[in-house]
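The values are calculated or read from the model by the stated rules, or taken from the named source; none is laboratory data. Since this is a predicted model, take the numbers as computed values, not measurements. No Cβ is skipped: glycine too gets one built from the backbone with ideal geometry, and neighbour counts run over all protein chains shown.
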């Protein structure tokens, strides 16, 4: 099936879906994005992603191009035209097209691009059942990782380093050896004392929507949570290590830099949270 993309007001085949060479997303990575999981054609964590989108646009002073209601229509129509039942829908909004100049242009309409694709969720389940490998990698990203921008080159370099070592994810660490997050995920541990920990969002990390949903579930499940940084050394000595994201849900990491985490199998907390999260996300998708 030929895939279809939405670009600035029209739906086009991928082969015809283009933006101008002077679009500031291409020239300066001057734009933001969001990714929703799709279950049975419906959007998971819809409101959370929309709220973060608004915050990212506001932080970059990019004009909101349409109402949330209109944008929802575009997202769902793109899903429908691509016949996606289970998968993801990707939205990118840039400052727009203007002659190349570092300063913000005036009177320019933002560019809006939406794509959707199917994903085999069973493949993710198989990974989660056995766990995946991770590596550590220096965090060289800019100082505003709380904004979900399209400037992802450091993330891509980290992910590529993981792939070249046969790993699923790169766990990033700062100059003090403290874990920040994954290259495309938020990172969590169950430490040696059995306490669930993840870094607080006051630090230079993304305010993950799946992370926020998991935090609510943690409270409902009666699991004690400590929003406190942990080091690479603590991660390697942890009982459990896992990452969360819209496309991977809750993914247990059973080895880090070749060193076994816990007993080398997905732990009970990660396994439980994944099960409960997926069940809730499917139920609440709209």
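Consider the stretch 220-230. How many of its residues are farther than 17 Å from residue 185 by Cβ and within 22 Å of the chain's Cα centre (by Cα)?
First, pick out the residues of the stretch 220-230 that are farther than 17 Å from residue 185 by Cβ: 220-226, 228.
With within 22 Å of the chain's Cα centre (by Cα) added as a condition, the list becomes 225-226, 228.
The qualifying residues number 3.
If you go through the stretch 144-167 one residue at a time, how many are assigned to a loop (DSSP other than H, G, I, E, B) and over 13 Å from the mean Cα position of the chain (by Cα)?
5
Quick one: in the stretch 97-125, which of the residues that are in a loop (DSSP other than H, G, I, E, B) and within 23 Å of the chain's Cα centre (by Cα) is surrounded by the most Cβ atoms within 10 Å (Cβ to Cβ)?
110
Kindly indicate whether residue 85 is over 21 Å from residue 58 (Cα atoms), touching a helix residue (DSSP H, G or I) at 6+ places or on another chain (Cβ under 7 Å), not assigned by TED's automatic domain parsing to the domain that holds residue 257 and not in a helix (DSSP H, G or I).
Values: over 21 Å from residue 58 (Cα atoms): yes; touching a helix residue (DSSP H, G or I) at 6+ places or on another chain (Cβ under 7 Å): no; not assigned by TED's automatic domain parsing to the domain that holds residue 257: yes; not in a helix (DSSP H, G or I): yes.
No.
Could you please find all residues in the stretch 158-168 being buried (at least 16 other Cβ atoms within 10 Å of the Cβ) and without any contact (Cβ under 8 Å) to a residue 60 or more places away in the chain?
Within the stretch 158-168, 158, 159, 161, 162, 167 meet the criteria.
Only one of 135, 93 is touching a strand residue (DSSP E or B) at 6+ places or on another chain (Cβ under 7 Å) and assigned by TED's automatic domain parsing to the domain that holds residue 245; which?
135
So residue 3 ticks every box in (1) modelled with pLDDT under 95; (2) touching a helix residue (DSSP H, G or I) at 6+ places or on another chain (Cβ under 7 Å); (3) surrounded by fewer than 17 Cβ atoms within 10 Å (Cβ to Cβ) but one. Which box is left unticked?
With respect to (1) modelled with pLDDT under 95; (2) touching a helix residue (DSSP H, G or I) at 6+ places or on another chain (Cβ under 7 Å); (3) surrounded by fewer than 17 Cβ atoms within 10 Å (Cβ to Cβ), residue 3 is out only on (3).
Determine whether residue 171 is assigned to a strand (DSSP E or B), in contact (Cβ under 8 Å) with a residue 60 or more places away in the chain and either assigned by TED's automatic domain parsing to the domain that holds residue 134 or under 29 Å from residue 59 (Cα atoms) (or both).
yes
Conditions first: (1) surrounded by 15 or more Cβ atoms within 10 Å (Cβ to Cβ); (2) under 19 Å from the mean Cα position of the chain (by Cα); (3) more than 21 Å from residue 138 (Cα to Cα). Residue 183 passes all but one, so which condition is the exception?
(3)
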